[in-house]
Structure formats: C-alpha cells, structure tokens
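Remarks on the structure that follows.
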Amino acid sequence: MKPSLLVARAVFPEVLEKLTMHFELTSNQDDTLWSSVELIRQLQDKVGVFTTGSERIDAAVLSACPDLKICANMAVGFNNFDVVAMTAAGVLATNAPDVLTETTADFGFGLLLATARRITESEHFLRAGRWHRWRYDMFAGAEVHGSTLGILGMGRIGQGIARRGAHGFGMQVIYHNRARLDEATEVACGAHYVSKEELLKRCDHLVLVLPYSAESHHAIGAAELAQMKPTATLVNIARGGIVDDVALAAALRQGRLAAAGLDVFEGEPTVHPDLVALSNVVLTPHIASATIPTRRAMANLAADNLIGFLIHGQPLTPLNPQVLGR
Ligand code: 8YV
C-alpha cells in the first residue's frame with residue numbers, strides 16, 4: 001500500500017500527479033481555509049504533509065498526529081514550523097531554498113524602485129483622474145542609482161539584492177547580518193559589513209531579508225526607525241513581525257521616514273489600517289516569489305523532498321537532518 005499524504009493547499013496539477021504516483025493522496029485542491037482543528041483532522045493517518053508558509057505545525061499538531069513523519073514546506077521561510085518540537089517528535093522538516101532566490105531578489109529590487117520613485121502612488125493619482133498638468137516636483141521621489149543601499153539579513157536573497165544594487169545601479173551597498181560574509185562573497189556582492197546602528201544611520205534605502213524568529217521580532221521598531229534618515233525608504237520582503245507595523249505607520253505619517261514598500265505584514269492577510277491609510281506605502285500581498293516557473297520549482301522541491309524521504313530515505317533539503325539517523 002502507498003503511504004498516505006496530505007497536500008494542505010492547492011498546487012500545480014502536475015505536482016499532484018507526480019505525488020499520486022507514490023502516495024495515497026488527500027488534497028485540498030479547493031484551497032479551503034482550514035482551522036488548526038481541521039488541519040489536525042485531515043492529517044489523521046497521514047505520514048507526510050505538503051504545506052505552504054500558512055500552515056502552522058507545532059507541538060499540538062504533532063501530538064495529535066502521531067503518524068506524521070515529514071512536513072515539506074513550499075517556502076524557504078519556515079517560521080510556520082516549530083522545528084524544535086518537530087525534532088523532539090522525530091518529524092522531518094524540509095523547506096524550499098535556492099529555487100526562489102533570484103526571483104525574490106528581482107521583486108525586492110522592484111519594490112524598492114516602486115517605493116522610492118513613487119510609482120504606484122502616482123498611478124493611483126492618474127487613475128483617479130487627478131492628473132491635469134505636469135509640475136516640476138510632481139511625485140518627485142528619492143534617487144536610487146548611486147545612493148546607499150542597506151541590507152539587513154545577508155543570506156542568498158540579500159546577496160542577490162546586493163549584486164543588483166552594486167553592479168546594476170552603482171549603489172554603495174552596506175549590510176548587517178548575524179555572521180559576516182567571507183571576503184570573496186563580499187567582493188562578489190559589492191557589499192561592506194557594518195553594525196546595525198551604522199546601517200540604519202547611513203542607508204538611503206533599507207531592504208529587510210532576514211528570517212523571522214523570536215530574535216528578529218520587531219528588529220525594526222520605533223527606536224530603529226528613529227535612527228534612519230527621514231528621506232529613507234524601507235522595504236520588507238522577509239516576514240511580517242520583523243517590522244513593528246504600528247511604529248512604521250507612525251513614522252511614515254509623521255514624515256520621519258519617506259516611504260515603505262511592504263510585501264509582508266504582521267497578522268497577514270490582514271493589513272494594519274494605519275498602513276492602508278497612507279499614500280507613501282506600496283503594499284503587495286506576499287508575492288515576492290510569484291512567477292510561475294519559480295512557484296513550480298518550489299512546489300516540485302517540496303514534492304521531491306516528500307518522495308526523497310518517504311520513498312528513497314533521502315530528503316533533498318532537510319532542516320533537522322538529526323532526525324534522519326533515528
Ligand atoms: C512563499 C515565502 O510564497 O518562500 C518563502 O519563504 O515567503 C514565499 O516565497 C510563501 O511563504 C508561501 O509558501
């Protein structure tokens with residue numbers, strides 16, 4: 001008998017077909033929003049689950065689903081997984097790194113351009129029929145080329161943004177990260193390591209690309225925003241919760257920060273009304289990795305982790321490989 005698997009969200013039909021060759025599949029192709037109680041119900045007797053970043057796998061889910069052996073996330077971020085609890089329960093966690101790096105870096109840079117150059121704000125103005133004549137300072141934004149780009153979190157996506165800034169737009173790139181990069185990588189990215197304080201003070205544009213964790217919760221709050229230039233822009237393509245959205249809205253409203261581009265939010269898909277009310281914010285619905293080839297690659301990597309582990313005993317991108325030897 002084939003092992004039984006849950007695909008918790010809608011996914012490409014060809015990925016489902018591939019999984020069907022190896023597993024007895026239950027799939028939420030209607031993409032119904034499941035409560036955690038419903039997720040637990042659906043997970044009964046399943047040995048594996050295909051998740052996106054929206055499904056929370058924690059100690060309560062694990063203890064209610066004793067047959068579960070692997071959770072494969074179709075996302076590089078895995079803050080929806082309690083990896084410590086999964087390791088303790090002997091459940092393998094996998095994510096989907098690398099395949100989305102360049103696509104997400106493209107989007108981060110695009111969001112920076114849209115924010116600094118006020119592209120969406122001016123489009124709303126035009127569509128509202130408010131454009132009657134040209135004016136010398138109409139939607140004058142911030143310079144991007146030649147300015148100072150700050151990156152907080154210098155993993156693969158951060159490095160992709162750094163390369164675009166340094167080599168494509170002639171920017172001075174400074175970064176802060178838990179660990180400094182080796183010299184060759186810094187040179188390839190055209191990036192210089194600085195303290196977080198110096199990063200906040202010096203940058204004209206700050207892009208956040210760090211993973212969400214208890215330590216990175218509100219890494220950008222009122223105190224950090226106060227250190228930034230009032231002409232600066234902030235872009236968050238990492239995770240909601242890294243920025244204190246209320247403090248950010250206040251800084252933007254009071255002119256202590258010029259603009260923000262946000263793809264992720266605290267409590268998404270709900271967006272804080274204070275942010276929605278502001279015109280100097282570009283808001284997008286968590287789409288940084290959203291191109292069909294990239295989403296397909298992410299889905300295939302999650303599926304290949306399930307097949308690799310449950311059929312061949314070898315997952316491709318395990319997050320807690322220590323459970324493999326058990
Ligand atoms: C995903 C992301 O689209 O990979 C990540 O960590 O944030 C996005 O690319 C999202 O998490 C859905 O799985």
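The values are calculated or read from the model by the stated rules, or taken from the named source; none is laboratory data. Note that the structure is a prediction, hence the values are computed from the model and not measured. Every residue, glycine among them, receives a Cβ derived from its backbone with ideal geometry; neighbour counts consider all protein chains shown. Keep in mind that these areas ignore ligands, DNA and RNA; they rest on the heavy atoms of the full protein, side chains included. Shrake-Rupley method; radii C 1.70, N 1.55, O 1.52, S 1.80 Å.
Criterion applied to Gly267, Gly261 was being touching a helix residue (DSSP H, G or I) at 6+ places or on another chain (Cβ under 8 Å) and within 16 Å of the ligand (Cβ to nearest atom), and the one residue passing it is Gly261.
Among the residues of segment 243-297, those that are in contact with a Ser or Thr (Cβ under 7 Å, 6 or more places away or on another chain) and farther than 17 Å from Gly53 by Cα comprise Ala258, Ala259, Ala260, Gly261, Val282. Total residues in segment 98-108 satisfying the condition of being within 9 Å of the ligand (Cβ to nearest atom) and either in a helix (DSSP H, G or I) or among the basic types (Lys, Arg) (or both): the figure is 2. Show me the strands (runs of 3 or more DSSP E) entirely contained within segment 112-215 in which 2 or more residues are crowded, with 20+ Cβ neighbours inside 10 Å and on the phi < 0 side of the Ramachandran plot. Those strands (runs of 3 or more DSSP E) span 148-152, 172-176, 205-208.
Results for (1) within 16 Å of the ligand (Cβ to nearest atom); (2) over 24 Å from Leu149 (Cα atoms); (3) open to solvent by less than 50 Å² (accessible area, probe 1.4 Å); (4) assigned to a loop (DSSP other than H, G, I, E, B), shown as yes or no for each residue.
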residue: Ala223; (1), (2), (3), (4): no, no, no, no
residue: Arg239; (1), (2), (3), (4): yes, no, yes, yes
residue: Ala288; (1), (2), (3), (4): yes, no, yes, yes
residue: Arg295; (1), (2), (3), (4): yes, yes, no, no
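Residue by residue, here is whether (1) assigned to a helix (DSSP H, G or I); (2) under 22 Å from the mean Cα position of the chain (by Cα); (3) more than 24 Å from Thr87 (Cα to Cα) holds:
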{"site": "Leu5", "(1), (2), (3)": "no, no, no"}
{"site": "Ala10", "(1), (2), (3)": "no, yes, yes"}
{"site": "His22", "(1), (2), (3)": "no, no, yes"}
{"site": "Gln29", "(1), (2), (3)": "no, no, yes"}
{"site": "Ile40", "(1), (2), (3)": "yes, no, no"}
{"site": "Val49", "(1), (2), (3)": "no, yes, no"}
{"site": "Ala60", "(1), (2), (3)": "yes, no, no"}
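Scanning segment 301-323 for residues that are farther than 21 Å from Ser4 by Cβ, open to solvent by 70 Å² or more (accessible area, probe 1.4 Å) and not in a helix (DSSP H, G or I) yields a total of 1.
The set of residues in segment 1-37 that are open to solvent by less than 80 Å² (accessible area, probe 1.4 Å), of a type in the set (A, V, I, L, M) and within 25 Å of Pro293 (Cβ to Cβ) comprises Leu5, Val7, Ala8, Ala10, Val11, Val15, Leu16, Leu19, Leu25. Residue check: Leu68 meets all listed conditions (1) more than 16 Å from the ligand (Cβ to nearest atom); (2) open to solvent by 40 Å² or more (accessible area, probe 1.4 Å); (3) assigned to a loop (DSSP other than H, G, I, E, B) but one, namely (2). Checked against the criterion of being touching a residue at least 40 places away in the same chain (Cβ under 8 Å), crowded, with 23+ Cβ neighbours inside 10 Å and either part of a helix (DSSP H, G or I) or acidic (Asp, Glu) (or both), segment 75-97 has at least one qualifying residue.
The number of residues in segment 42-65 that are polar (S, T, N, Q) and either more than 16 Å from the ligand (Cβ to nearest atom) or touching a Phe, Trp or Tyr at 6+ places or on another chain (Cβ under 9 Å) (or both) comes to 4. Condition test on Ser63, is it within 22 Å of Gly241 (Cα to Cα) and either small (Gly, Ala, Ser) or open to solvent by less than 10 Å² (accessible area, probe 1.4 Å) (or both)? Answer is no for this residue.
Here Ile151 fits the description: in contact with a His (Cβ under 9 Å, 6 or more places away or on another chain) and either touching a residue at least 40 places away in the same chain (Cβ under 8 Å) or hydroxyl-bearing (Ser, Thr, Tyr) (or both). Please enumerate the residues belonging to segment 62-94 that are under 19 Å from the mean Cα position of the chain (by Cα) and more than 15 Å from Ala238 (Cα to Cα). Cys71, Ala72, Asn73, Met74, Phe81, Asp82, Val83, Ala93, Thr94, listed by residue number.
In segment 172-199, which residues are in contact with a Lys or Arg (Cβ under 9 Å, 6 or more places away or on another chain) and not hydroxyl-bearing (Ser, Thr, Tyr)? Within segment 172-199, Gln172, Val173, Ile174, His176, Glu186, Ala188, Cys189, Gly190, Ala191, Val194 qualify.
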